[in-house]
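As structure tokens, the structure follows; a few thoughts come after it.
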Amino acid sequence: MNASTPVSRPAGSADIDRIALLLDSIEPERLLRRTRLQIQSDIDQYQVCEVDGRVVSCTALSPYRRCTSPSGEIACVATHPDFRGRGLAADLIRRQIERARGRGWAVLYVLTRSAADWFAAFGFESIELSALPAERRRRLQSDSLRCSQALQLRLNLAVSERQAVSEVQPGFPGRPASA
Ligand SMILES: CC(C)(COP(=O)(O)OP(=O)(O)OC[C@H]1O[C@@H](n2cnc3c(N)ncnc32)[C@H](O)[C@@H]1OP(=O)(O)O)[C@@H](O)C(=O)NCCC(=O)NCCS
């Protein structure tokens, strides 16, 4: 494996500034802003993809702590514009889906303003706002201006990974992280 081979892995405290730098490169209208402090306090939730020592893609897996059935959300999905279309984010999403399944979560949610089609390829389905856990709806209300155009999607983790990721739309989205 040479230095330019993308490496996906869980994030650590050394990645906080590198994630912040990556998020600075993302179109502001497509992603909610996170402060360095927010990234720091949630750092255990992140998976990152590194190329040449640089974090070029990330996602976070954020638990809904007050839900009766264990669940949570994929958040902060971002790839640096120079590294898009190589399957890096798709690889991180698959890892987060596995991580959620490994924790025994029944469902996984995502809120997105611009990438609903992309998430659909992993098996996420559009749901009504009322189907979001109350805990998340409350946070949305307090964040209503920024999230007003977001769609909410849900993935049933009881569906096998093969069905959710490969069979629904073979080969999509993205190519393997090593491509
Ligand atoms: C969405 C995003 C994370 C994809 O990152 P990536 O590493 O390029 O993703 P992959 O390489 O795994 O997948 C790329 C494929 O998804 C498609 N895709 C990218 N963004 C899309 C979108 N918003 N809607 C539908 N498809 C999209 C690309 O056209 C590409 O298709 P192709 O492989 O057939 O060419 C990246 O475009 C990004 O950072 N966008 C800005 C932030 C954002 O929108 N985040 C998601 C909101 S929650």
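The values are calculated or read from the model by the stated rules, or taken from the named source; none is laboratory data. Bear in mind that the values here come from a model prediction, so they are computed numbers and not experimental data. We place every Cβ from the backbone using ideal geometry, glycine too, and count neighbours over all the protein chains shown.
Observations on the structure shown:
- Segments classed as helices (runs of 4 or more DSSP H), wholly inside region 51-151, with at least 3 members that are free of Cβ contacts under 8 Å to residues at least 12 places away in the same chain: 134-142
- Evaluation of LEU88 against (1) aliphatic (A, V, I, L, M); (2) in contact with a helix residue (DSSP H, G or I) (Cβ under 8 Å, 6 or more places away or on another chain); (3) within 23 Å of THR5 (Cα to Cα) (one fails), failing number: (2)
- Residue check for GLU125: modelled with pLDDT of 95 or more, under 11 Å from ARG154 (Cα atoms) and within 13 Å of the ligand (Cβ to nearest atom): no
- Residues considered: ARG103, ARG86, ARG65, ARG34. Of these, the only one that is surrounded by fewer than 23 Cβ atoms within 10 Å (Cβ to Cβ) and at pLDDT 95 or above is ARG86.
- Residues being within 16 Å of the chain's Cα centre (by Cα) and more than 14 Å from ARG103 (Cα to Cα) - total across region 51-73: 6
- Which numbered condition ARG30 fails, given (1) within 12 Å of the ligand (Cβ to nearest atom); (2) basic (Lys, Arg); (3) touching a strand residue (DSSP E or B) at 6+ places or on another chain (Cβ under 6 Å): (3)
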